[in-house]
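Here, each number is a calculation from the coordinates, and none is a lab measurement. Note that the coordinates shown come from a computational prediction; the quantities given were computed from them, not determined experimentally. Backbone-built Cβ (ideal geometry, glycine too); neighbour counts: all protein chains shown.
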Amino acid sequence: MAPLPPGSTLGILGGGQLGRMLSQAAARLGFDVVILDPEENSPAGRVSRGQIVAAYDDPTALNVMGRVCDLVTFEFENVPAASIETLAGGGALVAPGPTALSTAQDRVVEKTFLNAVGATTVDFAAVDSLDDLTAAVTRLGLPALLKTRRDGYDGKGQAWIRTAKQAAAAWKAIGEVPAILEAKADFTRELSIIAARGRDGTIAVYPLGQNHHAGGVLATTLAPAAVDTKTDTRARAIAAAVLEGLDYVGVIGIELFDLGHGTLLVNEIAPRVHNTGHWTQDGCVCDQFEQHIRAVAGWPLGPTTAHARVEMTNLLGEAVNAWPALAAEPDARLHLYGKAEARPGRKMAHVNRVKPLFSVGAKRTGRGPVS
Ligand code: AMP
């Protein structure tokens, strides 16, 4: 495909902070952006050319998006795959495609795909009833984590089972819906890799980030993570296998469990820009948002090397009220999402604390930064 020229109109399904930062990156490349989101005045809608306020499966809204936009993408994986199919079926250019979306929407389909392309995961079993769960507990052993197959995010819809007696309560806690039981990953730390694939099949991979979660929600990312060559090589191979296996176009986020000695398991994939890639805004010349726009628009992919070390911290709920102090920190770059109401746990902003990549006079070893 010929690169989409500046002046073209891009559509984004989803108007949250990811859509907002995608829209800002697209505007810098000369594109106009239209958002589809059911919530009026969405964070992305407020910085875009316009917003259609309608449900993601509203046929009229999808029809308008298809006609107005030269290309449509999405900012979160829970948009109905049928909507993407409707858009594509109507002749609209859509990226990433419906397969990537439907694969990531169902944890069993996702893990089956990952293992098929050699991106190993924890052992798992599909669970559709309490009997299934009992059998899965026997097969996988305990502790194990019961998760809903669909619609889970930020640790929601999950229950740990530590003793066989807890199985029934866990099944109830997640709402007795189609689920997956996962063996516990004995990881030493959580890493993630942000990667992109262009329309010509070119792949670009950012340095790994090291993530810390609190209460199932991402708290901080440190990047580039200090990793040995074996781990780095393995992560890049996983990214390539996943991107090629899905014939993917755009940016993807891949969450990894680091078991040590270069052994990585994939936790999950997000077919979109990712919270653990926010560090690239202040650590790389071309951040993940611009990279996604470049990839879907058929432009050459941008550079992914880090020019700084970044500590990204999410500001949830009332934590955003610290903005005056954060704005006064000399090395901190504040990214506010323009959300009016600071509900507990709501992602309101993030701050990137920018540090030199290498200490002065330090000798570089491996691919990671010198701490
Ligand atoms: P998820 O919603 O699948 O990303 O899970 C949220 C967090 O729960 C992860 O970042 C891990 O800290 C933890 N977690 C998820 N799955 C497992 C597992 N199979 N074993 C151990 N910890 C897990």
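Among beta bridges from DSSP that stay inside segment 9-94, the antiparallel ones total about 0%.
Sorted into 5 angstrom bins from 0, the C-alpha pair distances of segment 29-161 split as 2, 9, 15, 17, 15, 11, 9, 10, 6, 4, 1, 0 percent. Here the translational diffusion coefficient of the chain follows from Stokes-Einstein with Rh set to the Kirkwood radius across Cα pairs; for 37 °C and 0.692 mPa s it amounts to 154 µm²/s. The Cα atoms of segment 9-94 cover 30, 24, 20 Å along the three principal axes, with the biggest extent listed first.
Evaluated at q = 0.18, 0.27 Å⁻¹, a Debye calculation over the C-alpha positions of segment 123-183 (equal weights, vacuum) places log10 I(q)/I(0) at -0.48, -1.15. As a proxy for reagent exposure, Trp160, Trp279, Trp171 were ordered by neighbouring Cβ count within 10 angstrom, fewest first; the result is Trp160, Trp171, Trp279. For Arg346, the residues 5 or more places off, or on other chains, whose built amide H falls under 5 Å of its own are Gly317. Net charge in the neighbourhood of Ile35 (other residues with Cβ under 12 Å of its Cβ; Lys, Arg +1, Asp, Glu -1) is -2.
Listed by Cβ neighbour count within 10 Å, with the fewest neighbours leading, Lys147, Lys172, Lys184 appear as Lys172, Lys184, Lys147. In a simple Cβ point-charge model (Lys, Arg +1; Asp, Glu -1; nothing else charged), the chain has a dipole of about 900 debye relative to its Cα centre.
Since only Ser192, Ile161, Ala125 are under comparison, the one whose Cα sits farthest along the positive direction of the charge dipole of segment 121-243, derived from C-beta charges on Lys, Arg, Asp and Glu, is Ser192.
Ellipsoid fit via the Cα gyration tensor, segment 189-356: semi-axes of 26, 18, 15 Å, each the root of five times an eigenvalue, largest first. Computed from label points 7 Å out along Cα-Cβ, the spacing between Arg28 and Asn115 is 4.1 nm.
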